[in-house]
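Data block below; observations after.
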Amino acid sequence: MKLKFTLKLALLTLVCSCSSTPSKWQDINEEGKFLVYRRQSQIGEETYSITSNKDTITVTSIQGENERGRISGVESKLYLTTDLEPLSYVSRRISNKDTTNIFKMEVDGDQVSIWEKHFDVVTSKKKDVFFGINSNIPAGIEMMLYHFYLDKNIKGGVSTLPRGEVSMTFKKKDTAVIKGAKIPLDRYVVEGVNWGGRTIWLDEDENLIAIVKANTQIRELIREGYEEAKSLFIAGNVEEQISALQKYTSDLKGDQANIKALVGGDIIDGVKGAIQKNMTIIIENGKIKEIGSSPETKIPENAKVIDVKGKTLMPGMWDMHAHSNQVQWAPAYLAGGVTTIRDNGNELEFATAFRDEIAKNGALGPDILLAGMTDGPGPKGNGIIRARSVEEAKEVVALYHKNGYEQIKIYSSIEPEILKVLAEEAHKIGMTVTGHVPNPVNDTRMAVEGGMDMLSHYNRILAALFTDKKVSDIGPYFMVDNEVTDDMVNDAIAFYLKHGTVLDVTFGLGVMRTLPKGNLMETIEPDAYRMAYELFEGKRFRAGTNPLLANKSKLNIMRSGEVIGKFYKAGIPIVAGTDNFAPGFALFLELESYVKFCDLTPLDAIKTATIIPAKAMGYGDVTGTLEVGKEADIAILEKNPLENIENIRTVEAVITNGNYYESEPLWHATDFKAKND
């Protein structure tokens, strides 16, 4: 197998395949390989081949992955004319559970038919410049898109019916050093394939060398033979992401007055149970200077007055289980009233740059606190940062502490003795420990006793009820298939209170997993239709639950919610987190679910996303409530969420770090639909 794609492209105009002039794409027989990485750890590879005759180019790709023990693949085939005009494209996912077609495109004359999994066929007139793609397009197929774009000298975008357009923007020339040789590469940012942009590199012959992309997790695809330049590609993508964040900031931040007066609003301060009517908040240097009745509060002469009469003001919200792998999260979070996130596992280079651009350089976005992910050995491990020995555990804690992380995030393959070392080392220097109950530990209470300060995911959290069972033994429907008594609940409450454990239940994600197979996400998440189009394949339509088990799954959620509600009322800190299942809206569903399933009041639910996480992370005296002297982290809502928690979805503006933003422009900037679109 050849390690380098050897097509030589001249700078000349392509001609129609019916022309007497032979196409340079005739009689091709090439093959290549890309290595697939997730969080910089190799999880698979893709092999592709390109063959052609005098009329047709055939591109075939086979991609296989072992992603945290989940084996799957994608097989794809693209047919083009020798002028690179698309004829048909089929891509289907293969997993150990099922085989599902995920994308099909066919051209018939001047008509194009597009079918995406479980959506109706969309047929429309083919644009003059057109190329069919899906957001999970394999690298070998994607490479032909770029040949098409550059060979035809396209200015602007390529139509990708029914999505929109793909554009390529040249950024700079980089140099990869491979086995001592300096190889020039062209860096581009490509928009319109996934949500936001992806960074790609082409060689001098315009062959694809590397892709770094996100959507909701970062992946790197690198042509075999170029692995040595992985750090170059990672750094280049970070640079382009920060550049995109700077553009959002330039476009949306505008001139911000140092003193602001929010006049006439009704306040939920997060402390009192009752709403305070017709109030004014004076903000100076990003902090709340005064709160008072509007008729009695004097507004400084140089203040920017923001009329919020009839609106509800509440503390800016926290998402305690974020994975913000691209900068599009910044405007999306602010649009939804989220002013602080805890990133619960990300690539270090990107996460620190994202955090610092907001904290140090004033970029648009929520405050970001970081939990550094680490995992144990083997193919089920997650990411490149591993703690497989005592020495590695110490190095991991030192690395994250050096980079200003607040926490160590434990993932699922950490061994019990390594967990203790990680916790001891973290606690010595003032860091806390959060994350999963690791599979080798397999005991929720043992994980807490081993030093974990916080736990993620309601199923592992509720495993503490069953002191006679391991986590792996309770089953997916543990609250239905096992007896749960009041004594068991009270014993678990006493255990968590004794250890001061903070619970990040990601309950909305559990609710979403009750979605019956074949149903769109908006069956449960009503705002799902507003998501950026490029997120549909991975987000709007989920695999869903077997219809025969959907009712059992919902009953399991209902019973889980009852216990979580008892935990909250007993004084155990419950913090709202989303795990990114629905970008921009998941936190709304999380809070609604606490009221619906956990018997929390709307104010209780709001506290799980405001003062409780602020206290849990050591910032309770800084933010989390609307009080004089605290940071002005404020969500401005059209309707009162204390009357109906679903009104949490009516966020129309936000203030954070002294800056005021209206939600609608933020949604549009991230290619989401605003509420009234």
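Only the coordinates and a few stated rules stand behind these numbers; no lab work does. Not measured: the values here are computed from a predicted model. Heads up, the Cβs are rebuilt from the backbone with ideal geometry, glycines too, and the neighbour counts pull from every protein chain shown.
Compare the Cα positions of 543, 458, 478 along the charge dipole of the stretch 457-619 (+1 at Cβ of Lys, Arg; -1 at Cβ of Asp, Glu; about the Cα centre) and return the one farthest towards the positive end.
Projecting each Cα onto the dipole axis, the largest value belongs to 543.
Just report the Cα centroid separation between the stretch 267-345 and the stretch 359-373, whole Å.
Cα centroid of the stretch 267-345 versus Cα centroid of the stretch 359-373: 18 Å apart.
What ranking, highest mean first, results for peptides 424-433, 652-661 when packing means the other Cβ atoms within 10 Å averaged over each residue? Could you put the intermediate results ahead of the total?
Details: 424-433: 17.1, 652-661: 21.6.
Highest-to-lowest ranking by the protection proxy: 652-661, 424-433.
Using the eigenvalues of the Cα gyration tensor, what equivalent ellipsoid semi-axes result for the chain when each is taken as the square root of five times the eigenvalue, whole Å, largest first?
Values: eigenvalues 382, 183, 120 Å².
The answer is 44, 30, 25 Å, longest axis first.
Give, as a single signed number, the net charge of other residues whose beta carbon lies under 13 Å from the beta carbon of residue 558, with Lys and Arg counted +1 and Asp and Glu -1. Walk me through the numbers before you get to the answer.
Values: positive: 552, 554, 559, 596; negative: 562, 599.
With Lys, Arg at +1 and Asp, Glu at -1, the net is +2.
For the stretch 113-177, which trypsin sites (Lys or Arg not before Pro) are in a loop by DSSP, counting at most 11 other Cβ atoms within 10 Å? Don't skip to the end; give the middle numbers.
Working: sites: 117, 125, 126, 127, 152, 155, 163, 171, 172, 173; in loops: 117, 126, 127, 152, 155, 163.
Here the trypsin sites (Lys or Arg not before Pro) that fit, given the DSSP loop and packing criteria, are 155.
Out of 113, 79, 175, whose Cα points farthest toward the positive end of the dipole of the stretch 29-230 (charges: +1 Lys, Arg; -1 Asp, Glu; placed on Cβ)?
Value: 175.
Kindly rank 471-478, 347-354, 299-306, 581-588 from highest to lowest mean number of other beta carbons found within 10 Å of each residue. Walk me through the numbers before you get to the answer.
Values: 471-478: 15.5, 347-354: 21.8, 299-306: 14.0, 581-588: 25.1.
So the order, starting with the most tightly packed, is 581-588, 347-354, 471-478, 299-306.
Search the structure for amide H atoms under 5 Å from the amide H of residue 609, placed 1.01 Å from N in the peptide plane, and list their residues when 5 or more places away or on another chain.
Here the answer is 576, since their amide H atoms fall under 5 Å of that of residue 609.
Stretch residue 403-residue 173 to full length: gain in nm at 0.36 nm per residue minus the Cα-Cα span?
On the way: separation 230, 0.36 × 230 = 82.80 nm, distance 2.90 nm.
Roughly 79.9 nm would be gained on extension.
Which cross-chain or sequence-distant (5 or more) residues have an amide H under 5 Å from the amide H of residue 304, H modelled 1.01 Å from N in plane?
259, 260, 261
Once phi is turned into ³J(HN,Hα) by the Karplus curve 6.51 cos²θ - 1.76 cosθ + 1.60 with θ = phi - 60°, what whole-Hz value does each residue of the stretch 563-574 show in order, with x for glycine and proline?
6, 4, x, 5, 4, 4, 5, 7, x, 6, x, 10
Quick one: what are the phi-derived ³J(HN,Hα) couplings along the stretch 549-556, Karplus 6.51/-1.76/1.60 with θ = phi - 60°, whole Hz, x for glycine and proline?
9, 4, 5, 5, 5, 5, 4, 4
Using a 10 Å cut-off on Cβ atoms, rank the peptides 638-651, 249-262 from the highest mean neighbour count down.
Details: 638-651: 19.3, 249-262: 16.4.
Going by the mean number of other Cβ atoms within 10 Å, highest first, we get 638-651, 249-262.
For a quick size check, give me the Cα extents of the stretch 204-299 along its three principal axes, largest first, whole Å.
In descending order, the Cα extents are 71, 31, 17 Å.
List the trypsin sites (Lys or Arg not before Pro) in the stretch 24-71 that DSSP assigns to loop (not H, G, I, E or B) and whose Cβ has at most 14 other Cβ atoms within 10 Å. Which are they? Before the final figure, lay out each step's value.
On the way: sites: 24, 33, 38, 39, 54, 68, 70; in loops: 24, 39, 54, 68.
Answer by residue number: 54.
For the chain, what is the mean residue ellipticity at 222 nm derived from helices alone (per DSSP H run of n ≥ 4: -39500 (n - 2.57); sum divided by total residues; nearest 500 deg cm²/dmol)? Don't jump to the answer; show the numbers that get you there.
Working: 16 runs with 171 residues, N = 677.
Taking each H run of at least 4 residues, the total per residue is -7500 deg cm²/dmol.
Using unit Cβ charges (K, R positive; D, E negative) and no other charged atoms, how large, in debye to the nearest 20, is the dipole of the chain about its Cα centre?
Numbers: 79 positive and 93 negative charges, 60 e Å.
With Lys and Arg at +1 and Asp and Glu at -1, about 280 debye.
For the stretch 388-397, in order, what is each residue's ³J(HN,Hα) by Karplus, 6.51 cos²θ - 1.76 cosθ + 1.60 with θ = phi - 60°, in whole Hz (x at glycine and Pro)?
9, 8, 4, 5, 5, 4, 5, 5, 4, 4
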